[in-house]
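The values are calculated or read from the model by the stated rules, or taken from the named source; none is laboratory data. Predicted model, so just to flag it, every value in this text is computed and none were measured. Glycine gets a Cβ as well: all are built from the backbone with ideal geometry, and neighbour counts include every protein chain shown.
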Amino acid sequence: MSDPIRSAERTRLATAGARSVTEATVLGGQPTRDVLKGRVFFAFLLLMVGLALLGLAALIVDAVIDGSSRLDTSLITESTSRISPETAGYANAILGTVYLIGAVILMVVPLGVGAALYLEEYADRDRWWNRVVEVNVQNLAAVPSIVYGILGLAFIVRGPIDLGFILFAGAITLSLLVLPTVIIAGREAIRAVPPSIREGSLALGATKWQTIRRQVLPAAIPGIATGVILAVSRAAGETAPLLLVGATTFVTFNPTVFGDNGYTALPVLIFNNAKQAQPEFQVLAAAGIVLMLVVILVMNSFAIWLRNRYEQRW
Amino acid sequence: MEAASPTAAASTGGALPPRSLEASSPRYGEKAIHGLLALCAALSVVTTTAIVFSLVEPALGFFGEVPIADFLFGVEWAPTFSPATFGVLPIVVATLMVTFWGLLVAIPMGLGAAIYLSEYASPRVRKTIKPALEILAGMPTVAIGFFALYFLRPLLEDLLPFLPWSGPFSAGVAGVAVGLMVVPIVASISQDAMSAVPSGLREAAYGLGATRMRVATRVIFPAALSGIVASIVLATSRAIGETMIVLLAAGASPNLTASFTESVQTMTAFIGQTATGDIATGTITYDTIFAVGLLLFVMTLLLNLVSIRLVRKYREVYD
Amino acid sequence: MRKLLVLAAFVVLALGAAACGSDDDSSSASSGDGGGDLSGTIRIDGSSTVAPLSEAAAELFQGENPGVKVTVGTSGTGGGFEKFCVGETDISDASRKIEEDEVALCKKNGIAFEEVQVANDALSVVVNPENPVECMTVDQLKQIWNTDSKVKSWGQVTGLVADVGDEQMALFGPGTDSGTFDYFTEAINGEEGVSRADYNNIGEDDNGVINGVAGDQWALGYVPYSFVEESGGKVKPVAIENPETGDCVEPTLENVQDGSYAPLGRGLYVYPSGAALKKQEVLDFLTFYIESNDAITEAATFVPMTAAQKDESLDEVHALAEGGK
C-alpha cells in the first residue's frame, strides 16, 4: 500500500466533494449532469438486482408449474418407486439429505471457523508454511465437485479411512468440498473486525483466546453465518460427488448415518428422475425441485434469524 | 495479528531496563488452542495432498501411454472413439468460455446487487433481498441445469434470434446459467465487505458533499476492493469447477469453439460423464479422468496464485 | 445465546438417535410374517440403462418380501464392475459385455460370475414424424454415422426410398462412454467406438435425443426402445432393413423377440456373483427377476425375453448357485 498514492486519492476526493458543496450551496443545486448520472446509476443497480431476482423467480415458477400436479403430502411421505411414479415420493431422499446436511454442519463449522481463526489471528504470514495453507484453501475452493468425489472414493470410502459406502462417508466428502468456502468467508468476517477491538481487549488484560472468544467471534458471527449458509446450501444441492461415493439412486427404505444398507439424497434422486423416459418422472423431478426449495428456505430462515440477531455496524 | 511492538524504554533518563511484555506464566491453555486451530488449518493441506495422490497415480499411468505434448496441445478430443485422440484443448477452451460467459453475467449483477444492498437499500429491503439471494445460492445445480436446458435456451433464442442456434445445447446458455448460480457468491461476499467499511468513511464523504453514487463508487468500492476481488475469484473458481449445469446444458460434444451457441463439453462435464458412464475402470480411456482432473487442479492453482497476489495488493486496513 | 446452544444440542441429539438407530443388519435370519420370511440386503450397481429393470424387479420383489432390502446404484457399467469384482456388490447391471481387464480383476479376487440375460432392447433410429423416411438400410446408416462421414444433408444419402429433398440433417446421439454408443457403432460401423464425432452428443440424458429430434423436422438420432415408447409419438422410429432377409423391420416387441429386428436388437444382462447366490434372498431375487420378466419389462418399458431365453437364464443362475466355476 503506497501511502503517497492513497493520500493523493483522498485529497482529490476531498477536493471534489468540497467543490460539489460549494456548487450546491453557493451556485445553487447539484449540476444536472451529476443528478442524471446518479439516476442512471441507480436505475442500473435496480436492473441488476431485478435481473437476479427475476432469474430466481423464473426458476421457482418454472419448477412449480412443471411439478404442480404432484405437489401434495404424498411427495414427502411416499418412498421411491420405479413401477408407479405417479404415487412415488421422496421420503427416503429427504431423510438422507437432512442427515447429510446435519453431519456437514457439525463438521464444517468447527473446522472451518477454527482454520479461519488460525489463519487470521495466529498465523505469522512471513512463515512460508502459513502462506502454503492460505494458497491451499483458495485452491481447494476451485477444485470441481467431481474431483472431491474421486477423492472420497479413493480415500474415504476405500483407502486408509475405509468407511465403506455409507452416508457418513458422503457427508465427509461434502464437508471437504465446502470447507474452503466457510474458511474464506470466515476469514473475511474475522478480518472485518477492526483491530481496535482486539487491541482494546488485550490492553485490558484479556488473553488472546479470551479476546477471540468474547470479542472477535461474536462480532464476526454475521459474516461467518453467511459463509456457512452458502456452504451448506451448496452441499445440500450437490449431486456429482455423491454419485461416486455411494448415494445409490434407488433406495426404498430410510437411511441411517452409519448403516451400510445404502442411502440417497434429494438432488441425486431428482437428477435420476429427470433422466427417465416416462413423463411421470419428469413431473416428479420438477416437484422434487420445489421440495428442495422448501428445505433450503427452512435452513436459510433459521440462519437469517441468527445473523440478524447479531449484526453490528462499526 | 501483529504483536504490539514493545515500547522502547523511556527516552528521558530511563533508569529501569525495558520490561519484557511476555506473559508472566506460560498459558498452556492458550498454546493448546493455538495447536488445535493450527490442526484445523492443516486439514486443508492434508486434503490437497490426498487429492493430488488420488489423481497423480492413475494420471502417471495415462501419461505413460499418451505423450504430454499430444495431450496439452492436441485439438481433437475423442478418447472413447476408435481410434482415440487425446488432445485436451477443446475441453479446456470450453471450460474457459463457459466461465467467461458466466462472469460476464455474474459480475455486473453481483456487484450491482451488492452496491444496492450496501449503499442504497433501506434495512427492510435489505432484509428481504439478501435472503432471496441466498435462496438462489441454495438452488441445486441439477435444478439450474434443467432450467437452463428447458427454459433459458428457448428464451435466449427468442431474445437473440440473430445468433446461429442449432440443437438444444450451447456453451453460452450454460455459461449464463453458471453465472446466475454464482451471482449470490459475488453479491453476498462483496456486500459483506462493503458493509464492513467503517461508517466514518461514508459519513465523511457525505459530509463533504459527495453524491451517493460517488460515495458508492469512489469511496466504498475501493475500500472494499479486497473483499470484492476475493468474491470474484471465488466465483470464478466455482464457475470453472461446476459440473452438473454444464453436463446438462452445454452438451457432450467436445467442439473447439468460442461460439455462444455451439454445444461444447467442459472438462468437468467430461469427468462427470465418464466417471459414471460405462467405460471399464483401469483402461487408458478411464484414466483420462485423472489426467483431466489433474490439469484442472493445476489450472485453478495457477489462477489462485495470481489472485492472492492481487488481493494482497488491494487490502485496506482501517483504524 | 446459551438457550440457542441448548436447543441446538437437543436437536442434534434427537437427530443423532434417529440417524444411528435401528440398523437392521444384513444377516440372513428369517424374520417378519406375511408374504416371504426372507431378510437381508441385496446390492446392485452398474449401468443406468439396465437400472430401471433392476429397480422394477427390486420393488416388486420387496413387495412380496418386505424383509429384504434391495438397493440399485447407477455408477455406470464400468464403475459397477469395479465394485462387483472386489466383492462390494452382489449383482452388476451391464449394458455391454464384461471386458478382459474386468474379468482378470474378478478372477484375481476370486469372484465367480455368470452373464444372465434379463431383457431385450431395440435400439431405435428415430426421425421426426413429419419426415417421410420409413425404412433405412444398415449401409445408409453407416454412410451417415461412420468416421469422417461428410454427410450433412438427406440428399447425400444414397438409395433412400422417400422424397426428402436435400434438407440439412441434424444428428443426435448418446454419450460416447455409453453402452448404447458401443453397441450401435459396432452393429452399424463394424467396430466399437468408430463413429463420426460431429453430432449433437446428448451426454447423460437420452431424453435429449427425443426432444432434439422432435424439435427439428430433419433430425435423426438413435435411442433405446423405452424412450421411443414413452415419447408418446413425439418421434417416429425408422424400420431397419434386415441384412439377411431384406425386409424392412420395425422395432416392436415381437420383432425383437423373434430376432427379425437386426442388427439393432440386443440383449441386456446382469452379472450375479457366485458368492452372492449362496445367499437365499439373492437366489430368490434373481429367480423372481427372470420368472416375472413380463411384469418387470412392462413396468420399465423394455422388451421381454422369450420363453427360451428365460429358461437359459434360469439354468445359468442355478448352475452358478450350485458352485459354478
Which one of these is touching a residue at least 40 places away in the same chain (Cβ under 8 Å), buried (at least 22 other Cβ atoms within 10 Å of the Cβ) and hydrophobic (A, V, I, L, M, F, W, C): B:V264, B:V311? B:V264
Report yes if B:V66 is modelled with pLDDT under 90 and closer than 29 Å to A:I183 by Cα, otherwise no. no
Conditions (1) in contact with a strand residue (DSSP E or B) (Cβ under 9 Å, 6 or more places away or on another chain); (2) surrounded by fewer than 17 Cβ atoms within 10 Å (Cβ to Cβ): number failed by C:T176: (2)
Looking only at segment A:123-146, decide whether some residue is aromatic (F, W, Y), over 29 Å from A:F271 (Cα atoms), facing chain B (nearest Cβ under 10 Å) and crowded, with 17+ Cβ neighbours inside 10 Å. no
Assuming A:T239 fulfils every condition listed in (1) in contact with a Phe, Trp or Tyr (Cβ under 6 Å, 6 or more places away or on another chain); (2) surrounded by fewer than 24 Cβ atoms within 10 Å (Cβ to Cβ); (3) under 28 Å from A:A185 (Cβ atoms) apart from one, which condition is it? (2)
Any chance B:R124 is of a type in the set (K, R), part of a helix (DSSP H, G or I), at pLDDT 90 or above and under 28 Å from C:F172 (Cβ atoms): no
Tell me which residues, restricted to segment C:224-239, are among the hydrophobic types (A, V, I, L, M, F, W, C) and in contact with a strand residue (DSSP E or B) (Cβ under 6 Å, 6 or more places away or on another chain). C:V228, C:V235, C:V238, C:A239
Would you please list the contacts, defined by Cβ atoms under 7 Å and residues six or more apart or on different chains, that run from a residue in segment A:286-307 that is closer than 25 Å to B:A148 by Cα to a residue that is modelled with pLDDT of 85 or more and of a type in the set (S, T, Y)? A:G288/A:Y90; A:L291/A:Y90; A:V295/A:T97
Filter pass, B:L149 being modelled with pLDDT of 90 or more and of a type in the set (A, V, I, L, M): no
A:T226 - would you say it is in the same structural domain as A:A116 (by TED's automatic domain parsing), within 30 Å of A:R158 (Cβ to Cβ) and not aliphatic (A, V, I, L, M)? no
C:V249 is checked against (1) of a type in the set (V, I, T); (2) buried (at least 18 other Cβ atoms within 10 Å of the Cβ); (3) out of contact with any helix residue (DSSP H, G or I) (no Cβ under 9 Å at 6 or more places or on another chain) and fails just one. What number does that condition carry? (3)
Please specify each residue of segment C:289-325 satisfying the condition of being in a helix (DSSP H, G or I), under 20 Å from the mean Cα position of the chain (by Cα) and surrounded by fewer than 18 Cβ atoms within 10 Å (Cβ to Cβ). C:E291, C:D294, C:A295, C:E298, C:K310, C:E312, C:L314
Residue in segment B:258-266 that is in contact with a helix residue (DSSP H, G or I) (Cβ under 7 Å, 6 or more places away or on another chain) and part of a helix (DSSP H, G or I) present: no
What are the residues in segment C:66-86 that are away from chain A (no Cβ under 12 Å) and either basic (K, R) or closer than 23 Å to C:F288 by Cα (or both), if any? C:T77, C:F81, C:F84
Being in contact with a Lys or Arg (Cβ under 8 Å, 6 or more places away or on another chain), farther than 22 Å from A:T73 by Cβ and not β-branched (V, I, T) is true for just one of A:G262, A:G246, A:G237. Which residue is that? A:G262
So which pairs qualify, if the first residue must be in segment B:111-135 and within 14 Å of B:R212 (Cα to Cα) and more than 9 Å from every other protein chain (Cβ to nearest Cβ), the second must be β-branched (V, I, T) and assigned to a helix (DSSP H, G or I), the Cβ gap must be under 6 Å, and the two must be at least 6 apart or on different chains? none
Looking only at segment B:267-301, and only at residues there that are over 23 Å from the mean Cα position of the chain (by Cα) and in a helix (DSSP H, G or I), the one that is surrounded by the fewest Cβ atoms within 10 Å (Cβ to Cβ): B:I284
Answer with yes or no whether B:L156 is closer than 25 Å to C:G203 by Cβ, surrounded by fewer than 24 Cβ atoms within 10 Å (Cβ to Cβ), more than 12 Å from chain A (Cβ to nearest Cβ) and at pLDDT 90 or above. yes
How many of the residues in segment C:265-286 are touching a helix residue (DSSP H, G or I) at 6+ places or on another chain (Cβ under 6 Å) and at pLDDT below 90? 5
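The rows are residues; the columns are (1) touching a helix residue (DSSP H, G or I) at 6+ places or on another chain (Cβ under 8 Å); (2) more than 9 Å from chain B (Cβ to nearest Cβ); (3) of a type in the set (G, A, S).
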residue	(1), (2), (3)
C:S92	yes, yes, yes
C:V103	no, yes, no
C:V116	yes, yes, no
C:D121	yes, yes, no
C:V127	yes, yes, no
C:D139	no, yes, no
C:V157	yes, yes, no
C:T176	no, no, no
C:F181	no, no, no
Could we say that B:L89 is at the interface with chain A (Cβ under 10 Å from one of its Cβ atoms), farther than 30 Å from B:A193 by Cβ and either buried (at least 20 other Cβ atoms within 10 Å of the Cβ) or in contact (Cβ under 8 Å) with a residue 40 or more places away in the chain (or both) here? no
Residues satisfying the stated conditions in segment C:88-119, i.e. over 12 Å from C:A275 (Cβ atoms) and among the β-branched types (V, I, T): C:I98, C:V103, C:V116, C:V118
Hey, does segment A:178-189 have a residue that's part of a helix (DSSP H, G or I) and farther than 26 Å from A:A142 by Cα? no
Just name the residue that is nearest to B:S199 (Cα to Cα) out of those in segment A:194-214 that are surrounded by fewer than 18 Cβ atoms within 10 Å (Cβ to Cβ) and more than 10 Å from chain B (Cβ to nearest Cβ). A:G200
Wholly inside segment C:37-137, strands (runs of 3 or more DSSP E) that include 2 or more residues that are free of Cβ contacts under 8 Å to residues at least 60 places away in the same chain and surrounded by 24 or more Cβ atoms within 10 Å (Cβ to Cβ) are C:40-46, C:68-72
Verdict on B:A32 being under 31 Å from the mean Cα position of the chain (by Cα), of a type in the set (G, A, S), modelled with pLDDT under 90 and in a helix (DSSP H, G or I): no
State all residues of segment A:250-275 that are more than 25 Å from the chain's Cα centre (by Cα), in a loop (DSSP other than H, G, I, E, B) and within 13 Å of chain B (Cβ to nearest Cβ); if no residue qualifies, say none. A:K275
Any idea which residue in segment A:276-314 is farthest from the other protein chains (Cβ to nearest Cβ), counting only those that are assigned to a loop (DSSP other than H, G, I, E, B) and buried (at least 20 other Cβ atoms within 10 Å of the Cβ)? A:Q276
